[in-house]
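Here the structure comes first, spelled out in structure tokens, and everything after it is commentary.
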Amino acid sequence: MSERLRDTVYLVFMTITVVALAALVLAAPDRDDRVQELGSRIRCPVCEGEAIIDSPAPMARDMMKLIRQRVDEGASDEEILSEITSSYSGAVLLDPPAEGATLWLWLAPLLALAGGISVILWWRAHPGGTPGSAKSATPSSPRRRSRAIAGGLLVTLVLGAVVVAAGSALQDREGPGGGAADLDSVDPSLVSNETMEAVIGANQDDPSIDGMRLALAERYFRAGDYRSAFPHYLAIAQSGTAADETAHTALVRLGWMAYDGNGEVETALELLDQALDIDAGSPMALYLKGLVLWCGADRPEEAGDLFQAVLDQADLEDETRTEVSDDLAAARRGEGCA
Amino acid sequence: MSGRWLRWLGAGVAVATVVFAVVLASRFGADPSLVPSPLIGEPAPEFALPTLDGTSTVSLSGLEGDIVVVNFFASWCLQCRAEHDDLVATAEAFSEQGVSFVQIAYQESPAQTLAYLDEAGISPAMRHLADPGSRTAIAYGVFGIPETFFIDADGVVVGKLVGESNALILGATLDSILGGDQPGETVTGDTMQRPSP
């Protein structure tokens, strides 16, 4: 090969390489990349420490749609982020702004670096000693240096292992929220409230989630946390896909919460009637409707009839029978409810 | 590099580390949603939203010259239900003083919100709007509901209530705005988030 030919081949090869590299560097990220990148930088405002791209929350999904639309409209990343922060403040960014209290988060690595460099410089200036023991410094020896390096490596390895283990543990904890869990294989009694919320959020369109939703709502209800229970019962009652028994329980609970939590007598009676439409003989619905009529509407006679209907059922527990009997007697005597 | 200089550097790093730890520790337990709204003192984000029954559109600019109270609510929110009667009463009490009340449904279908309002009671003093895609909720930086924004006659956000309000708080806030003050942001209680639709 002649020298000229070799130069030409070399020139062509270099040109192709430079053009290819320039194209790689200069090529604008495509639309989906930009949307994902922006979604990963914005904290879901209704979640805890989660980016909107990772969150199944309806609000996060609406924010992703907004970002997608703004990208399609030609808005720059800065414009989109500025729009979001002008509404939510810089706190909505997962990378906090380098100002105010969060400035320390950005300075921390620099401070750590400065600390590390000062230690190294000290060590180099006083080869035999350790920081803070200058007066006792002794000439260095290869064995001491090796020991120091080995110690540093050991500490690094241990710290690394701890970080990896912690990360792995966190991933395990967050696993069920990813939506990949087989809902039928999840035993709600073994799952924390937070995890159940995550699973429900990730599977909101799946009708089989109603069972877990009811289990979680019941936990809240029994703990007296009506505010947390309420949206779950409401979702079941409005889903139209819940099994009769599940919908009935949700309606009974909603009815009682409307009365006990908000003093809404008419709403409570309406919800309890809906529950009785599903199961006309439900002792719980009959008894609670009786209580609402007696305590909230001052209609003891109608309440008494409902209490009697409960007592007419054969399979009542003794404790329930005693309680209802006492209430029936008091209502029949025209007493106010206790 | 002198040992003295290094000692000072080490001491500086130690002090900075302690300050850093204190700053971090002070944020533990703080609710990240309780950040002051950057909208206070700023022009209110414009909206033009359909009414819940879909028969008309209401825009903020169309209410220009009024003090506008914008309340984000939903049927699944207990605090919203609890404050509903007081909102209605306040809207009716201030309707002759150039105050318009707008309720914007948050994360809920218009049909479900309308069903709730049928039960809770509708007042002609209030406008009820849908918010497709939560665009207006996002523009107002809503973290949870109820959240209530107060916009003065010049279209500037001058107040915000986070959590359940009552007639006393609503009335006092409006009196303050009518008197030319900027009441700012007040947290009156918890807000709710819908875990799923």
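Looking only at residues that are over 18 Å from residue A:200 (Cβ atoms) and crowded, with 20+ Cβ neighbours inside 10 Å in the range A:45-61, which one is nearest to the other protein chains (Cβ to nearest Cβ)?
Within the range A:45-61, the match that is nearest to the other protein chains (Cβ to nearest Cβ) is A:45.
For the range A:62-74, give me each residue that is assigned to a loop (DSSP other than H, G, I, E, B) and more than 14 Å from chain B (Cβ to nearest Cβ).
Once the filter is applied, which keeps residues that are assigned to a loop (DSSP other than H, G, I, E, B) and more than 14 Å from chain B (Cβ to nearest Cβ), the range A:62-74 yields only A:74.
Can you tell me which of (1) at pLDDT below 95; (2) more than 9 Å from every other protein chain (Cβ to nearest Cβ); (3) more than 19 Å from the chain's Cα centre (by Cα) is the one residue B:31 doesn't meet?
If we test residue B:31 against (1) at pLDDT below 95; (2) more than 9 Å from every other protein chain (Cβ to nearest Cβ); (3) more than 19 Å from the chain's Cα centre (by Cα), just (3) comes out false.
Inside the range A:75-90, can you point out the residues that are within 10 Å of chain B (Cβ to nearest Cβ), surrounded by 20 or more Cβ atoms within 10 Å (Cβ to Cβ) and either hydrophobic (A, V, I, L, M, F, W, C) or out of contact with any helix residue (DSSP H, G or I) (no Cβ under 9 Å at 6 or more places or on another chain) (or both)?
If the condition is that a residue be within 10 Å of chain B (Cβ to nearest Cβ), surrounded by 20 or more Cβ atoms within 10 Å (Cβ to Cβ) and either hydrophobic (A, V, I, L, M, F, W, C) or out of contact with any helix residue (DSSP H, G or I) (no Cβ under 9 Å at 6 or more places or on another chain) (or both), then A:84 is the only one that fits.
For the range A:226-245, does any single residue satisfy the condition of being at pLDDT below 85, in a loop (DSSP other than H, G, I, E, B) and of a type in the set (Ser, Thr, Tyr)?
yes
Please go through the range B:107-128 and pick out each residue that is under 23 Å from residue B:173 (Cα atoms) and either buried (at least 23 other Cβ atoms within 10 Å of the Cβ) or hydrophobic (A, V, I, L, M, F, W, C) (or both).
Residues satisfying the conditions are B:122, B:125, B:126.
The values are calculated or read from the model by the stated rules, or taken from the named source; none is laboratory data. From a predicted model like this one, the values you see are computed outputs, not experimental measurements. Note that each Cβ is placed from the backbone with ideal geometry, even for glycine, and that neighbours are counted across all protein chains shown.
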